[in-house]
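For reference, the structure discussed in these notes is given below.
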Amino acid sequence: MKLRIAILVFSALALISISRAHAQTANLSHAPALVVSPTGPFTTIQSALDAARPGDHIRVERGVYAGPIIVTKSVTLEGENFPVIDNGGDGTVVTLDAPGAILRGFELRGSGVEPDRDHSGIAVNASRVIVENNRLREVLFGIFVAKASDVIVRGNDISSKSEYDTGRQGDAIRLWYSPRAVVENNYVHHARDLIAWYASDVIIRNNRVEHSRYGVHLMYCDHAVIEHNRIFDNSVGIYTMYSNDILLRENFIRGTRGPSGYALGFKDADNVRATNNVLVDNRGGFFLDNTPVTPQGEGLFRDNILAFNDVGAILMPAVRGANFEHNTFWENVEQVAIQGSGKLVGNHWNENFWSDYAGYDANGDGQGDLAYRSDRFFEGMADRIPTLRALIYSPVAQAIEFAGSAFPIVKPQPKMSDPKPAMQAAPIPGFALPTRDGAGAMTGAAIALLLFGIVSGAFSVIASKAKQSPTETRRVFGNPSGLSASVRVENFSKQYGKVRAIENVSFDARPGEALALWGANGAGKTTLLKAILGLIDYRGKILVADFDAARAGKQARANIGYVPQEATFYDLNVQATLEFYARLKKADPARVPVLLERVGLAEHARKPVPALSGGLKQRLALAVALLSDPPILLLDEPTANLDTRARRDYLALLSALHHEGKTLIFASHRIEEVETLADRVLMIEAAQLAEIITPEELRARLATEIEMTLWVDDAQRVAARDCLANAGFDPRVNGRGTVIVRVRAEQKMRAFDLLNECGVTIKNFEIEN
Amino acid sequence: MRKSQLPITNYQLLLGLSLLIALFLSACAQPTGEPKPPDIVYNRDMCEACGMIISDARFAAATLTTDGRSLKFDDAGEMFGYHARNSQVQVRAWFVHDYDSQKWINGKDAFYVIARDIKSPMGTGVATFAERANAETLAKRFNVNVLTFDQAFTAIKEGKSGM
Amino acid sequence: MEWQLTWTIAQRELREALKNKWLWFYALAFAGLALALSQAGVASAGYAGLGGFGRTAASLINALLLFVPLMGLSVGAGALAGDRERGTLLYLLAQPVNRAEIFFGKALGAMLALFAALGLGFGFAGLGLASSGDGNAFAYLSLAGYSLLLALVSLGLGFIISALTRKGATAAGAALIAWLVLVFFGDLGVMGAAVSFRPTASALLAVMLVNPLQVFKLAAIYNLRATLDTLGSVGQYADYEFGAALPFILFGLLATWIIASFGIAFALFNRRGDL
């Protein structure tokens, strides 16, 4: 059974092919071919034409032939392997003046450039001419069919003069008063228009038009059928003007851009049907102006897909009587727009799919139970004020749409409504199915971006390659540099706004000297330290190891190890913290373990700094200060935040450093620090340097006087008083048999000693502050 | 707190600056006394009447209206057609292009040749000339007469063309 | 300025910024949104593929306009103010480095952190797009490139805020206000002006170009479409007026914003006596 069917099919196919072959042979047999080739028998096309009789077949072999060619006999000119006819930039290349003439398989080049003389690749001036499978390059007009009926233009590949912009190029195919033409399977690119003027009953199908101006343009053409064309990246898709009874179907139009970038435009067109077209990523999908024209005229737009256009359908406000049925409006930035002011009335929207439909289908009949209304707020504004379109894709436009839909207080009048919107988008027809050819490159791009991100982030862990040059490597330990380790402050003043923080201070810290800055809170100690570090502006002069703190702050700071009152660190561990500052100070990383040991942090090296106690943090700050082994240490209240034990250890460390020859300047209000460390004390009072004294003098001043009450025998009371008075005290005798004397705290033993020497026995005593 | 408000001031400054720029630009765009033909951006601008792209300078035309608008047309014939249909639009000045030099000329002083086979963008077949002699040359080719502005307007209005 | 010191500071800043939860939250949110867009495409009966990459990217622009400035501003605003508040800035300044090294080190570190977050965000989003068959590698890379520029602009603005504030919280608040101004109020102002004054396209374009976010938007759209006609008359005006010079102008404007914002921030930071 199967076999019989196969045989049947096979024999049927064989029959068809035989009959076709027969037809061709028959055609050839009554018209023997004249052969043109560079080597003869005919070497020019014109000579073959002269010799030919109507109905002859002229075969032209590969080669380059000069134009122009004018065909006045109804012959078939057939090129083999695209022989070239070149006009060298003048006139029209081939003119077909004989009815029924056929031109097939040529490459035509180099027409003239005068538009009002219609310089073309092929001029067709007679009916029933066939122009087929030609290649046209560098011609002004491509195929110009003028006043010739029943012409077929098929399978040609046409581009215009490449040096002109589209406006100055000629039309790729132009039909002029040429009824019943068929234009099919042509590929038009980089030309002006594919246009028909005053040509009725034309069929334009299966053409591809790219990078040109009008994909298809109808002017005063009735009864046209335009189908299966692919029209990509042009200024206008298919524009139908002043034409009636037009059928547009299954065209695929994409990337139409520019002010009039309409995929399907209609101006004064009546009885038009646009069905099953796919219109994607154009400025506008439909554009309707005065279409349909007459009240009884038809304007049917059905089963089209309009996706990702700036506007799905643009209608002039005067449009009446258009029917939009079963279309899919998919994610157009604006689904329907009215151009200019006015309201849309008298058009019908039925069962279209709207991707932004927010309703539901409770009864499951495939249609939404609520009407779709095009009443977006921002959109409505942008229709009225076109400049506002500039704000689309902005969050503010989205926010306004959202607010408009969430709080419908100022709902605009809907532009249109579709009472029963479809719930399902139409499937994409095969001719418009997208390809996935971008995916490979896209994966590559994505991976490149991932790598970019990873590399950017990885810089955080890539060790700095910069090597420490030997000259930059500081001493591992020990001797200060040859620079003077002195700090000199001359006429230093600092104001914050109108408040004087400190005024006219001058002093010197000699190398190896330890200076304490003594004063109440707010006396200006910290200001002075910041100035020495070059962190603030000031008047006067500060030299740190011969560097001006203001002008060469970086070099000055390179000689200073600074320990703040309460050091704050980044969230790193102890080791990493030291390594970070070692790099900043260009210190030898080998010093890090040495210093950890020295300040007693070796066992804490891996701990995160925030987990350290205050005392350990202070040690860490000291270690940081010592990284580059600077000759000068600047300390702000070094032990203020430490407990007693930590304080003692820390002071011992500082004391050792002082003995190694470091110059120390530290702000303090603890006598203990001053006594342990300082050689001299700068007394800062009321924003001034009051005087410079020794630590002992400071202690003496600090000690407060106390009142001693001494019980002695009555007999010895006067002697006791005189004894103390002679030694410079100011004792007095009170009625209860006691001697009262005010002494400074450190002198209380001296009172006892004196009385002992004077032979006064003290029976008892009391001390009061 | 005082400092934290500074960025806003900063932005206000920018806004102020932008308004200044805007004022400056809009001042530049003000029309001047002597009527001047508008700039047509070829291959971008659209015809006022038909919405087609204006590409061909030889046929492009424009009118200035008394209310300060400028209307651009892809075809001088279409300009006449538009104003014939929209008589409420008051025209202050008419402009067409010289067919040969493609320079703007005053429409009232131009010479007109109307022939069906002059392939103007809208098929009205109107070519316009600054010099009568050049108009004569083309008119002879199509065996028609050279027209004045008023004659041409009337011819279009009465439908002696493709419109 | 010594490169080694700058780099040391940059590295530390980068490490800290990479620990910033918000940075990753924004990057993740962006990548998630982009992935959702691509997957929504898969679920749309092939319609996403029909639109080509231009459409996906156009909806990405919206997300980028929200997230990228937020990332840049918040990282930038924290960079100096947080350090100042903690006291670490003072400590850093007391080291033998100058202010330029600190400032540009921090800027560089913050920039790398943003690049890392954006690179990973764009990378994962791109994988998602590629898997749904949607892609134009060149356009996507350009979009990512412009986003990096926008990130730098907002980082610079964040640094200005940071240089002017003393507290991390104040800086973060100011950054949020700046973001609102850039993203919403600025455009709202433009919109109000357009409605009440009906300015010409050129005037509106000039006003728009003041906002770096709009410059980014124009650049990104031009990059996708080679025309701005999507933006209506303003876009068409820009096309007429500047034509092929447009991408260079927009790039130049973004570059100017970057240089100016970092310049101003540095000038502010470089004033001494603010500690």
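Points worth noting:
For every residue, the table says whether it meets (1) loosely packed, with under 14 Cβ neighbours inside 10 Å; (2) among the basic types (Lys, Arg).
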| position | (1), (2) |
| --- | --- |
| A:Gly364 | yes, no |
| A:Tyr372 | no, no |
| A:Arg384 | yes, yes |
| A:Met416 | no, no |
| A:Pro427 | yes, no |
| A:Gly440 | yes, no |
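- Scanning segment B:46-61 for residues that are in a loop (DSSP other than H, G, I, E, B), open to solvent by 10 Å² or more (accessible area, probe 1.4 Å) and not small (Gly, Ala, Ser) yields B:Glu48, B:Asp56, B:Arg58.
- Considering residues of segment C:154-175 that are part of a helix (DSSP H, G or I) and β-branched (Val, Ile, Thr) only, the residue farthest from the other protein chains (Cβ to nearest Cβ): C:Ile160
- Residue-level check: of (1) over 28 Å from A:Arg699 (Cα atoms); (2) within 9 Å of chain C (Cβ to nearest Cβ), A:Arg591 misses just (2).
- Filtering C:Phe159, C:Phe184 for residues that are open to solvent by less than 10 Å² (accessible area, probe 1.4 Å) and of a type in the set (Phe, Trp, Tyr) leaves a single hit, C:Phe159.
- Of all residues in segment A:521-571, those satisfying the criterion of being closer than 18 Å to A:Ser628 by Cα and in a strand (DSSP E or B) are A:Val544, A:Phe547, A:Ile560, A:Gly561, A:Tyr562, A:Val563.
- Residue count for segment A:558-578 under the criterion of being without any contact (Cβ under 8 Å) to a residue 40 or more places away in the chain and either in contact with a Phe, Trp or Tyr (Cβ under 9 Å, 6 or more places away or on another chain) or among the acidic types (Asp, Glu) (or both): the result is 5.
- Enumeration of residues in segment C:37-73 that are surrounded by fewer than 24 Cβ atoms within 10 Å (Cβ to Cβ), at pLDDT 80 or above and of a type in the set (Gly, Ala, Ser): C:Ala63
- A:Tyr357, sole failed condition from (1) assigned by TED's automatic domain parsing to the domain that holds A:Leu300; (2) within 30 Å of C:Ala238 (Cβ to Cβ); (3) among the hydroxyl-bearing types (Ser, Thr, Tyr): (2)
- Subset of segment A:729-755 (residues that are at pLDDT 80 or above, within 28 Å of A:Val681 (Cα to Cα) and not in a helix (DSSP H, G or I)): A:Arg742, A:Val743
- In this entry, A:Ser47 is excluded by the filter for residues that are open to solvent by less than 70 Å² (accessible area, probe 1.4 Å) and outside any helix (DSSP H, G or I).
- Selection status of C:Ala113, within 7 Å of chain A (Cβ to nearest Cβ) and open to solvent by less than 10 Å² (accessible area, probe 1.4 Å): no
- Any hit, segment C:196-215, residues being more than 13 Å from chain A (Cβ to nearest Cβ) and polar (S, T, N, Q): no
- Close pairs from segment A:529-543: first closer than 12 Å to A:Ile665 by Cα, partner assigned to a helix (DSSP H, G or I) and open to solvent by less than 40 Å² (accessible area, probe 1.4 Å), Cβ under 7 Å, at least 6 apart: A:Leu533/A:Arg557
- Residues that are within 30 Å of A:Ala678 (Cα to Cα) and outside any loop (DSSP other than H, G, I, E, B) within segment A:695-728 comprise A:Pro695, A:Glu696, A:Glu697, A:Leu698, A:Arg699, A:Ala700, A:Arg701, A:Leu702, A:Glu705, A:Ile706, listed in sequence order.
- For segment A:83-95, the criterion of being buried (at least 19 other Cβ atoms within 10 Å of the Cβ) and farther than 30 Å from A:Gly167 by Cβ is satisfied by at least one residue.
- Output for segment A:637-656, where each listed residue is outside any helix (DSSP H, G or I) and acidic (Asp, Glu): A:Glu637, A:Asp643
- Scanning segment B:96-128 for residues that are over 16 Å from B:Asp74 (Cα atoms) and either in contact with an Asp or Glu (Cβ under 8 Å, 6 or more places away or on another chain) or part of a loop (DSSP other than H, G, I, E, B) (or both) gives B:Asp100, B:Ser101, B:Ala110, B:Phe111, B:Ala115, B:Arg116, B:Asp117.
- Across segment A:203-252, the number of residues qualifying as surrounded by 24 or more Cβ atoms within 10 Å (Cβ to Cβ) and among the aromatic types (Phe, Trp, Tyr) comes to 2.
- For segment C:96-110, a tally of residues being under 20 Å from A:Gly553 (Cβ atoms) and more than 8 Å from chain A (Cβ to nearest Cβ) returns 8.
- Within the set B:Ser70, B:Ser87, the sole residue that is more than 13 Å from chain A (Cβ to nearest Cβ), within 11 Å of the chain's Cα centre (by Cα) and open to solvent by 30 Å² or more (accessible area, probe 1.4 Å) turns out to be B:Ser70.
- Residue check for B:Ala84: among the small types (Gly, Ala, Ser) and in a strand (DSSP E or B): no
- In segment C:127-145, the qualifying residues are those that are surrounded by fewer than 20 Cβ atoms within 10 Å (Cβ to Cβ) and modelled with pLDDT under 80, and the one that is farthest from the other protein chains (Cβ to nearest Cβ) is C:Ser131.
- Taken together, the residues in segment A:346-358 that are surrounded by fewer than 17 Cβ atoms within 10 Å (Cβ to Cβ) and more than 36 Å from the chain's Cα centre (by Cα) amount to 3.
- Test: A:Val410 is over 20 Å from C:Gly232 (Cα atoms) and at pLDDT below 85: yes
- Test for C:Ala178: is it part of a helix (DSSP H, G or I) and facing chain A (nearest Cβ under 10 Å): no
- Residue within segment A:208-217 that is assigned to a strand (DSSP E or B), touching a His at 6+ places or on another chain (Cβ under 7 Å), more than 11 Å from chain B (Cβ to nearest Cβ) and on the phi < 0 side of the Ramachandran plot present: yes
The values are calculated or read from the model by the stated rules, or taken from the named source; none is laboratory data. A quick note: this is a predicted structure, and the numbers were derived from the prediction, not measured. Every residue, glycine among them, receives a Cβ derived from its backbone with ideal geometry; neighbour counts consider all protein chains shown. Side chains included, ligands, DNA and RNA excluded: accessible areas come from the protein's heavy atoms. Shrake-Rupley method; radii C 1.70, N 1.55, O 1.52, S 1.80 Å.
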